[in-house]
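Accompanying notes for the structure given below.
None of the figures in this text is laboratory data; all of them are computed from the coordinates on show. All values reported here derive from a predicted model rather than from experimental measurement. Here the Cβ is made from the backbone with ideal geometry for all residues, glycine too, and neighbour counts use every protein chain on show.
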Amino acid sequence: MKKKKILVIEDNAPLRETTAAFLEGEGFRVQAAPDGSRGLDLALKEAFDLILLDVMLPGISGYEVCRALREKKSAAPIIMLTGQKKDEVDKVVGLDLGADDYMTKPFGQRELLARIQAILRRTSPERQPLEAYAFDDIKIDFKRKTAARAGAPIKLTAKEYGLLELLVAREGEVIDRETILNEVWGYEKFPTTRTVDTFIHNLRHKIERDPASPAHLLTIPWLGYKFQK
């Protein structure tokens, strides 16, 4: 699956570098710019799935960059970042210029990731159902509901196919237990998230070479699960 591409336009070097490193660790492709002029130039020359845009930049401000991008018909979602806790005016200005979201520094990286993932889900084209997928020596046919390791059949339940398809379709993305329950089981109210843990445990014993040290179905402590090929 093609990695989503994010542009970080931020003049604070430590924040720019740590944010870029964090997002790369979460499976995104990241480019960064230290000022508005270079950020705008990059955003107009290349296609990005999302832009993180600081408001206070040397030279061209984040507001000006946002305005210019929207005037040039760029549809890339923009999250604006500010270090100032003022009234709602700053936020309204950014949103009026075409920003999709607004975060005040300092912010947690996990909150930033959650905002990014929510926007990407909302703005990405509707994902087509997976028909088949292969990783390691395993082949899964989601359409026919068959699975095999090195040619030997693997017996999966309907819910295990659904769980695996969801995780594979969002490869590299951390998915929390409530989202998994809602999308695979269709729960609107969640009786227990231990259901997901049990199914992940069972799936690991069916598809991992070493279930105790999984290479594909990874637990992200306190957050959920993600699949990596």
Proxy exposure order for 140, 51 (fewest C-beta within 10 Å first) is 140, 51
Residues 4, 45, sorted so that the one with the fewest Cβ neighbours within 10 Å comes first: 45, 4
Once phi is turned into ³J(HN,Hα) by the Karplus curve 6.51 cos²θ - 1.76 cosθ + 1.60 with θ = phi - 60°, what whole-Hz value does each residue of the range 130-137 show in order, with x for glycine and proline? 6, 9, 8, 7, 10, 7, 6, 10
Under 5 Å, built H, 5+ apart or other chain: amide partners of residue 220: 225, 226
Tell me what the chain gives for mean residue ellipticity at 222 nm when only DSSP H runs of n ≥ 4 count, each as -39,500 (n - 2.57), the sum divided by the residue total, rounded to 500 deg cm²/dmol. -11500 deg cm²/dmol
Students often get this wrong, so try it: which of (1) 0.94; (2) 1.04; (3) 1.00 is Rg/Rh (Cα atoms, Kirkwood Rh) as calculated from the structure shown? (2)
Projected area averaged over orientations for the range 5-123, convex hull of C-alpha atoms, nm²: 6.5
Taking amide hydrogens as modeled 1.01 Å from N in the peptide plane, which residues meet the under 5 Å criterion relative to residue 146, leaving out close sequence neighbours? 141
